[in-house]
Amino acid sequence: MKPYEIRTYQDSYEIYELIEHSTRSWFKIAPERGGIVISFGANGKELLYLDKATFDDPNANIRGGIPVLFPISGQLAEGAYEWNGQRYSMKNHGVARLRPWRVESTDTSDGAAITLSLASDAETRESYPFDFELRFTYRLKDGQLTIEQEYRNGSAEPMPMYPGFHPYFVADRKALAYETDATKYFDYNDGTEKSYDGRVIDLDKLPESVVFLNAQRRDITFSPAERLVVRMTYGEPFNYVVLWSVSGKSFVCVEPWMAKTDELNRKQELVEVPAGDVHRTFLTISRVSV
């Protein structure tokens, strides 16, 4: 048996399943449905939550998997922002999760990998007036899923962005302590900044999100279910991690973002990709042995 396998099948959309046999690990991705990962398992255990009905419905926001957030993470006040004297409307979390991505290649020479791309077009420019190309390689190796990201600016001016990811992890508990060196978080439920010393945060009691503010290390570890410990590591400039859930639903979202919500209106921490340049970074998700 070969160490890696890539296969495709239809399930409302074309699904690519990438498998690493030695670690009993896999992930499944739907390029035409926003390039979303809908399943990731490591050592035989599924890590992600998916509401299948929202995935099957092309008009629904998918509740589950790993949605791609670009060019913004979160919401815009009144769903709009101003740039160079022009007002634009944009849906929550940007345009990338709503667009079909192109499969550029698959490979099994260094793990099981698939590369997807998304380019700007007339429809994206109505919300975001920049020429961009995203190129993401999803790689499964040693039981870890890494998303290698390239954000390319084809415009003649700097391109503002603050992308992120929105992983939904399966959870049988919401009151969790997080291993992070952040000492503060902002609570959107009461609009206050609070200290964090490793105490439990119960997302089942918080309808709005909270966000870790001042971490220096680019990693976070947590245990959302019995015998499941998840660790995420990420590159610059993922400076924030957002926590969110819905009461009564069996998931927690632990989301690396490059800036806080509504940053396109504040314009204080925007990541700007120079004209003709590319920004590269990564996110790795792994299951920690227990």
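The values are calculated or read from the model by the stated rules, or taken from the named source; none is laboratory data. Given the structure is predicted, the values throughout are model-derived calculations rather than measurements. As a convention, Cβ positions derive from the backbone with ideal geometry for all residues, glycine included, and neighbour counts pool all protein chains shown. For accessibility, only protein heavy atoms count, side chains too; no ligands or nucleic acids. Shrake-Rupley method; radii C 1.70, N 1.55, O 1.52, S 1.80 Å.
The residues of the chain present an accessible area of 44 Å² per residue when probed at 1.4 Å with all protein chains retained.
Spherically averaged projected area of the convex hull of Cα atoms, the chain: 15.0 nm². Full extension of the chain segment joining residue 227 with residue 250 gains 6.7 nm, where the gain is 0.36 nm per residue of separation less the Cα-Cα distance.
Between residue 236 and residue 181, what is 0.36 nm times their sequence separation minus the Cα-Cα distance? Round to one decimal in nm.
Details: separation 55, 0.36 × 55 = 19.80 nm, distance 1.61 nm.
Length gained between residue 236 and residue 181: 18.2 nm.
What whole-number distance in Å separates the alpha-carbon centres of region 174-192 and region 233-270? For region 174-192 versus region 233-270, the Cα centre distance is 12 Å.
So which GluC sites (Glu not before Pro) in region 36-124 are both in a DSSP loop and have at most 10 other Cβ atoms within 10 Å of their Cβ? Write out the running numbers ahead of the final one.
Numbers: sites: 46, 78, 82, 104, 123; in loops: none.
Counting only loop positions with at most 10 other Cβ atoms within 10 Å, none of the GluC sites (Glu not before Pro) in region 36-124 qualifies.
Report the normalised scattering of region 1-150 as log10 I(q)/I(0) at q = 0.10, 0.12 Å⁻¹, calculated by the Debye formula with identical scatterers on the alpha carbons. Taken in order of the listed q values, log10 I(q)/I(0) reads -0.38, -0.54.
Using the Cβ atoms and a cut-off under 13 Å, what net charge is assigned to the surroundings of residue 119, where Lys and Arg are +1 and Asp and Glu are -1? Residues near residue 119 contribute -1 overall.
Out of the trypsin sites (Lys or Arg not before Pro) in region 1-78, which ones are loop residues according to DSSP with at most 14 other C-beta atoms within 10 Å? The partial results should precede the final answer.
Numbers: sites: 7, 24, 28, 33, 45, 52, 63; in loops: 24, 33, 63.
The qualifying sites are 24.
Within the accessible area of region 221-290, what % is carbon and sulfur when the probe is 1.4 Å and the other protein chains stay in place?
On the way: 1290 of 2820 Å².
Percent of accessible area from carbon and sulfur atoms in region 221-290: 46.
Starting from the residue with the highest accessible area, list 209, 25 in decreasing order, probe 1.4 Å.
Numbers: 209 25, 25 0 Å².
From most exposed to least exposed: 209, 25.
Given a Förster radius of 35 Å and the C-beta distance between residue 103 and residue 45 as r, what FRET efficiency does 1/(1 + (r/R0)^6) yield to the nearest 0.05? The pair residue 103/residue 45 has a calculated efficiency of 0.80. Sparsely packed loop sites in region 205-290 (the trypsin sites (Lys or Arg not before Pro) outside DSSP H, G, I, E and B with at most 10 other Cβ atoms within 10 Å) comprise 217, 227.
When +1 charges are put on Lys and Arg Cβ atoms and -1 charges on Asp and Glu Cβ atoms, the dipole computed for region 113-257 relative to its Cα centre reaches about 500 debye.
Treating only the Cβ atoms of Lys and Arg (+1) and Asp and Glu (-1) as charged, compute the dipole magnitude of the chain about its Cα centre; round to the nearest 20 debye.
Dipole of the chain, to the nearest 20 debye: 620 debye.
Mean residue ellipticity at 222 nm, helices only, the chain: -1000 deg cm²/dmol; runs of at least 4 DSSP H residues each add -39,500 (n - 2.57), and the sum is divided by the number of residues.
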